[in-house]
Amino acid sequence: MTGTYDVAVVGAGVVGSAIARELARYPRLRIALVEAQDDVGQGSSKANTAILHTGFDAVPGSLEARLVREGARLLAAYAAESGIPVEPVGALLVAWDEEQLAALPRLAEKAEANDYHATRLLGPAALYEREPHLGPGALGALHVPGESIICPWTTTLAYATQAVRHGVDLHLDARVEDVSQQDGIHVLTTSAGTLRARWLVNAAGLHADTLDARLGHRDFTVTPRRGQLIVFDKFARTLVNHILLPVPTALGKGVLVAPTVYGNVLLGPTAEDLDDKRATGSTADGLDALRAKGRRILPELLDEEVTAVYAGLRAATEHDDYRIRAHPGQAYVTVGGIRSTGLTASLAIAARVTGLLTEAGLDAGPVRELEPVRMPNLGEAFPRPYQRPELIAADPQYGTLVCHCERVSRGEIRDALASTIPPRTLDGLRRRTRARAGRCQGFYCGAAVRQLFEEARP
Amino acid sequence: MTDVRQVDVLVVGAGPAGLATATRLAAAGAGRVEVLDREQRAGGVPRHCAHGGFGTWLHPLTGPQYARLLTAAAVRAGAVVRTGVTALDWAGPLTLTTVGPHGPETITARAIVLATGARERPRAARLVPGTRSAGVYTTGELQQAVHLYEQPIGSRAVVVGAEDVSYAAADTVRAAGARVVAMVTDLPAPRTTPARALDARLRRGIPLLTHTGVTELLGHGRLSGVRVRHRDGRTTVLHCDTVVFTGDFVPDHELARRGGITLDPATRGLAVDSTLRTSRPGVFAVGNVVHAVEPARAVAREGVHAATAVLSELRPF
Ligand SMILES: Cc1cc2nc3c(=O)[nH]c(=O)nc-3n(C[C@H](O)[C@H](O)[C@H](O)COP(=O)(O)OP(=O)(O)OC[C@H]3O[C@@H](n4cnc5c(N)ncnc54)[C@H](O)[C@@H]3O)c2cc1C
Ligand SMILES: Cc1cc2nc3c(=O)[nH]c(=O)nc-3n(C[C@H](O)[C@H](O)[C@H](O)COP(=O)(O)OP(=O)(O)OC[C@H]3O[C@@H](n4cnc5c(N)ncnc54)[C@H](O)[C@@H]3O)c2cc1C
């Protein structure tokens, strides 16, 4: 890799990709987005609860509170423009005992402090009217109508796609192993060769502390906090209308039940502090605990088939806020501790980081509007290709279903394989199309999808 | 709204059950009998059962041969077999919406036969914990990978289950040039013929671990092993790059459920009476969608039985 980039962004999660996209607005900058894994969005960004938060329960006055609030607004608009599925289903914080019930008014006040004014307290009758399948014993709820569900895969991919289309170089399978300085330029030793950049942005998620240490900082330590989740089959979707959030208590945030934009229902996450940053496996204890909680919240949920189980790691630190720091002398910005709201805040974080870079002396040059991207729709609330007669008439491949559980057509798979950032694995193809993501997990279509994938490989 | 097309009998699913039903109906002069299948080829599961055991003792057939035979018989009898067409949902009590390369279509019938088959529960639905590494199959996917597409599957496989379909999976692993490290079942003994179990163990040297359950999948990226627990609580790791989850069938009842047709709570298949009528008048169900899982020939015989019931619906005396 020759030449010197103006900015290298390390980590192509939702945060790094958003930063690269934001920087792409400056046509004079040469930008590298450097990712250890074989796809964008392979870290925490692919395995979360996929909620576009309002920030109603953030710590008032914190950086996180502000960036979540701004980010939510920015992302809602961006999603509408780019075809990222969002459903404004709203959330209910359900109180199951007197202590939780007593906490609801305080949460409503906290929402006010966070500039969110639409919450409303519901008594049990109004609650059960909204959620007739809720388990018995709920005492009331706080309604937060602004909470939405979103497709996390399409979000990261849209940012990265738009960045690449505007000239950003995406380096996949390029783990940054070391960083040194030569004549005031960062020299990144990666698993795919050496890369030079004047400015460095650390968006390495769980590994942001390691990279930070390489530049001489001991500002924070990342402790991976695992969240296991169970995805239930589509028939569960009619059981729940809102995101059912637990009331946060001294014992932690608890378990939620949420619809997904793909028409499934999520149950999770657990919260387990670990040492191993690769521990994205599920455990028998974790799944048992989730099922016990789910049975209380939505008893009928447990009768439905499980479609998938996954786990994500939150980049928790010893600090109670994001750690976004500029080190102007080093031409370096760290984006650390983006724990459990980074999807929502991503666009605001990107704007903030760009601001820090220019304040620190990055000469960005003139700015332009980006060409909008239009992403393939993976959401059930919007017409999918198999539901669009005009599309099938123009190209019959959109009427040829390959993945039957998720109703993914051959045309969509073909398009994904020829897209700006084509998938390098079947999992990557799944995140772009939903192929093999359904109840049969490949019993019917697994081999056929693999065949299409292999045929398209160079 | 698309136009509604009228047929006499609409059969959903061109597996052994649907094809046998359609053949008999068409031969008996039931009018326009149309069979839909969402796959590109008719035949259902036998399409990818490359092994024998599908014909009669006198006329042994492999699965694909059997699938072709049943399809040809249906066409010869006058049924219309349409592949690449998915029945999506209901637009009325006896009306289905469909989609295929030609676009959407709404079809209404005097009787509808649901023959949508059954699938094996995959790893996630069995709540087997561990990593999400590659190399995890069901028999259905494995057979298609090996027999329809000649895809490589890895070199060392553990087969979970010890019933007929598990032994078929073990044969498929070997056909792909890989080794079966072990078969694992939490049952006390295999559920197949003694001859088959003995043959696998002695002639093919496949160890069978009974009273043993899979408790965790290991490996990052590619599967590196499965952890199993024996009855006495001991755990061991079986090193492998492939694992096949076999059996644990669940009827493919999605279309029926979308239409509000009653399920049998015990089997999760469709609830039917002795003449294979479902809870919805004019809608019948046959094959693995009713009871997972029966051998293909038993299912085909049931199709004949279903046809008789459909005929009496179409021509009441
Ligand atoms: C269980 C769970 C539920 C959550 N729910 C929500 C939610 O509902 N709403 C919400 O807004 N947020 C949620 N979050 C938080 C959100 O997922 C994260 O804040 C966000 O994904 C963080 O993005 P990131 O880009 O910082 O990190 P990541 O996605 O982890 O990206 C970091 C990237 O850096 C790469 N990398 C690391 N080291 C190197 C290196 N040395 N060289 C090159 N590349 C490197 C990694 O491979 C990775 O791709 C949740 C998180 C979890 C775990
Ligand atoms: C992996 C496996 C191995 C087996 N091995 C043997 C064996 O060796 N010997 C033996 O005798 N039996 C075997 N069986 C059992 C045998 O295959 C089944 O009994 C038989 O195939 C059942 O027939 P069926 O018609 O009910 O279902 P299937 O054969 O499953 O056919 C159902 C058909 O319906 C179609 N369909 C489903 N939904 C829709 C929809 N919405 N729209 C359109 N089409 C739809 C499917 O594409 C499929 O083709 C095996 C079964 C499995 C799963």
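For (1) of a type outside the set (G, A, S); (2) in contact (Cβ under 8 Å) with a residue 40 or more places away in the chain, each residue gets a yes or a no:
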position: B:G100; (1), (2): no, no
position: B:R110; (1), (2): yes, yes
position: B:A118; (1), (2): no, yes
position: B:T139; (1), (2): yes, yes
position: B:G161; (1), (2): no, yes
position: B:Y167; (1), (2): yes, no
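Total residues in the stretch B:269-278 satisfying the condition of being touching a Leu at 6+ places or on another chain (Cβ under 8 Å) and either within 17 Å of B:A30 (Cβ to Cβ) or surrounded by fewer than 19 Cβ atoms within 10 Å (Cβ to Cβ) (or both): the figure is 1.
Residues of the stretch B:223-262 that are in a strand (DSSP E or B), surrounded by fewer than 21 Cβ atoms within 10 Å (Cβ to Cβ) and away from chain A (no Cβ under 11 Å): B:T235, B:T236, B:V237, B:L238, B:H239. Considering only the stretch B:167-189, how many residues are among the β-branched types (V, I, T) and either assigned to a helix (DSSP H, G or I) or not assigned by TED's automatic domain parsing to the domain that holds B:D232 (or both)? Total meeting the criteria: 2.
Does A:T280 meet the test of being within 14 Å of chain B (Cβ to nearest Cβ), β-branched (V, I, T) and open to solvent by 20 Å² or more (accessible area, probe 1.4 Å)? Here the answer is yes, as A:T280 does meet what is asked. The condition (being surrounded by fewer than 19 Cβ atoms within 10 Å (Cβ to Cβ) and away from every other protein chain (no Cβ under 14 Å)) is satisfied by just one residue among A:A331, A:A345, A:A351: A:A351.
Consider the stretch B:128-146 and keep the residues that are of a type in the set (A, V, I, L, M, F, W, C) and more than 7 Å from chain A (Cβ to nearest Cβ). The one that is least open to solvent (accessible area, probe 1.4 Å) is B:L142. Pairs are defined by a Cβ separation below 6 Å, a sequence spacing of at least 6 or placement on different chains, a first member in the stretch B:216-232 that is of a type in the set (S, T, Y), and a second member that is open to solvent by 10 Å² or more (accessible area, probe 1.4 Å); the pairs so defined are B:S224/B:L218.
Restricting the stretch B:270-286 to residues that are in contact with a strand residue (DSSP E or B) (Cβ under 8 Å, 6 or more places away or on another chain) and touching a residue at least 60 places away in the same chain (Cβ under 8 Å), the residue that is nearest to B:F249 (Cα to Cα) is B:L270. Number of residues in the stretch B:289-304 that are open to solvent by less than 30 Å² (accessible area, probe 1.4 Å) and closer than 20 Å to B:G259 by Cα: the value is 2. Residues in the stretch A:304-354 that are without any contact (Cβ under 8 Å) to a residue 60 or more places away in the chain and assigned to a strand (DSSP E or B): A:A326 alone. Could you list, in sequence order, all residues of the stretch B:128-141 that are among the small types (G, A, S) and not in a strand (DSSP E or B)? B:S133, B:G135, B:G140 - these are the residues of the stretch B:128-141 that are among the small types (G, A, S) and not in a strand (DSSP E or B).
Conditions (1) open to solvent by 20 Å² or more (accessible area, probe 1.4 Å); (2) among the polar types (S, T, N, Q); (3) within 10 Å of chain B (Cβ to nearest Cβ), marked per residue:
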residue	(1), (2), (3)
A:L417	yes, no, no
A:L426	yes, no, yes
A:R430	yes, no, no
A:C440	no, no, yes
A:Y444	yes, no, yes
A:Q451	yes, yes, yes
A:P458	yes, no, no
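Restricting B:S166, B:S155 to residues that are of a type in the set (G, A, S) and surrounded by 15 or more Cβ atoms within 10 Å (Cβ to Cβ) narrows the list to B:S166.
In the set A:E87, A:E70, A:E98, A:E112, only one residue is in contact (Cβ under 8 Å) with a residue 24 or more places away in the chain, open to solvent by 70 Å² or more (accessible area, probe 1.4 Å) and either over 24 Å from A:L347 (Cβ atoms) or within 18 Å of the chain's Cα centre (by Cα) (or both); that residue is A:E98.
Any residue at all in the stretch B:177-193 that is surrounded by 15 or more Cβ atoms within 10 Å (Cβ to Cβ), closer than 30 Å to B:Q40 by Cα, touching a residue at least 24 places away in the same chain (Cβ under 8 Å) and in contact with a Lys or Arg (Cβ under 8 Å, 6 or more places away or on another chain)? Scanning the stretch B:177-193, I find at least one residue that is surrounded by 15 or more Cβ atoms within 10 Å (Cβ to Cβ), closer than 30 Å to B:Q40 by Cα, touching a residue at least 24 places away in the same chain (Cβ under 8 Å) and in contact with a Lys or Arg (Cβ under 8 Å, 6 or more places away or on another chain), so the answer is yes. Of all residue pairs spaced 6 or more apart or on separate chains, those with beta-carbon atoms under 9 Å, a first member in the stretch A:201-218 that is on the phi > 0 side of the Ramachandran plot and a second member that is in a helix (DSSP H, G or I) and more than 11 Å from ligand 1 (Cβ to nearest atom) are A:G216/A:Q330.
Flag set for B:A157, criterion: away from ligand 2 (no atom under 11 Å from the Cβ), touching a helix residue (DSSP H, G or I) at 6+ places or on another chain (Cβ under 8 Å), part of a strand (DSSP E or B) and not charged (D, E, K, R).
For the residues A:A393, A:A364, A:A381, A:A360, the requirement of being within 9 Å of another protein chain (Cβ to nearest Cβ) and surrounded by fewer than 20 Cβ atoms within 10 Å (Cβ to Cβ) singles out A:A393.
The values are calculated or read from the model by the stated rules, or taken from the named source; none is laboratory data. Just so we're clear, the structure is a prediction, and the values are computed from it rather than from any experiment. Backbone-built Cβ (ideal geometry, glycine too); neighbour counts: all protein chains shown. Areas reflect the complete protein model, heavy atoms only, side chains present, ligands, DNA and RNA absent. Shrake-Rupley method; radii C 1.70, N 1.55, O 1.52, S 1.80 Å.
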